[in-house]
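Each remark here refers to the structure printed beneath this line.
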Amino acid sequence: MTTAIPSKPPVETDVAVIGAGAVGMFQVFQLGLQGLHCHLIDALSHLGGQCAQLYPHKPIYDIPGIKACSGAELVERLREQMAPFAPTLHLAQQVQTLVQQDDGRWLLGTDQGTALLAKAVVIAAGVGAFVPRALNLPGLDAFVGTQVHYHLDDAAALAGQHVVVHGGDEAAA
């Protein structure tokens, strides 16, 4: 994967939060209470991280103040909680560079060419980016997104198609 070169000057912000899972989303809420604006970056194309990707329909029992909820329910509650603070979302992007500047701020660059200049950076990446291990076959890249899909984000788009699922996560069930 190559790093895209930003074509515009970096966007200045109070805080860049890397990781839009439960911890990153809650961090945006906490920083919002302090009057700080956040940019939230995640490799996935949606909020929720591990909760949304690995167990959206399974019960979670270890969230303080909540007897039980599914991963999807937790993500929705966190989305509602941080909504008043209007974070800027940068989804389906991976942070590629992070360099401290002479003035103490951090210059962050993503693989999609986004550049942020932040007073602080919070890394809430958990186990890391949920990105697929791409198959290493000559010429396969030409079919990614049309005939080869690494994430089953839109199952309805595959209705009526012959599908081969390789892997063992919940989507394979």
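With a requirement of 3 or more residues that are of a type in the set (Ser, Thr, Tyr) and within 12 Å of the chain's Cα centre (by Cα), none of the strands (runs of 3 or more DSSP E) lying completely within segment 3-90 satisfies it. Restricting segment 64-90 to residues that are of a type outside the set (Phe, Trp, Tyr) and touching a helix residue (DSSP H, G or I) at 6+ places or on another chain (Cβ under 6 Å) leaves a set whose member that is surrounded by the fewest Cβ atoms within 10 Å (Cβ to Cβ) is 81.
For segment 91-117, residues that are open to solvent by less than 70 Å² (accessible area, probe 1.4 Å) and more than 18 Å from the chain's Cα centre (by Cα) total 5. Entry remark, segment 94-109: residues being part of a strand (DSSP E or B) and in contact (Cβ under 8 Å) with a residue 24 or more places away in the chain number 7 in total. Given the structure, is residue 145 at pLDDT 70 or above and not hydrophobic (A, V, I, L, M, F, W, C)? Yes.
Residues in segment 100-142 that are modelled with pLDDT of 95 or more, touching a Phe, Trp or Tyr at 6+ places or on another chain (Cβ under 9 Å) and aliphatic (A, V, I, L, M): 5 in all. Scanning for something surrounded by fewer than 16 Cβ atoms within 10 Å (Cβ to Cβ) and touching a Pro at 6+ places or on another chain (Cβ under 6 Å), does segment 41-51 turn up at least one residue? Looking for residues that are surrounded by fewer than 16 Cβ atoms within 10 Å (Cβ to Cβ) and touching a Pro at 6+ places or on another chain (Cβ under 6 Å), one finds none in segment 41-51, hence no.
The values are calculated or read from the model by the stated rules, or taken from the named source; none is laboratory data. These numbers come from a predicted model, not from an experiment. Ideal geometry is used to build each Cβ from the backbone, glycine not excepted, and the neighbour counts take in all protein chains shown. Areas reflect the complete protein model, heavy atoms only, side chains present, ligands, DNA and RNA absent. Shrake-Rupley method; radii C 1.70, N 1.55, O 1.52, S 1.80 Å.
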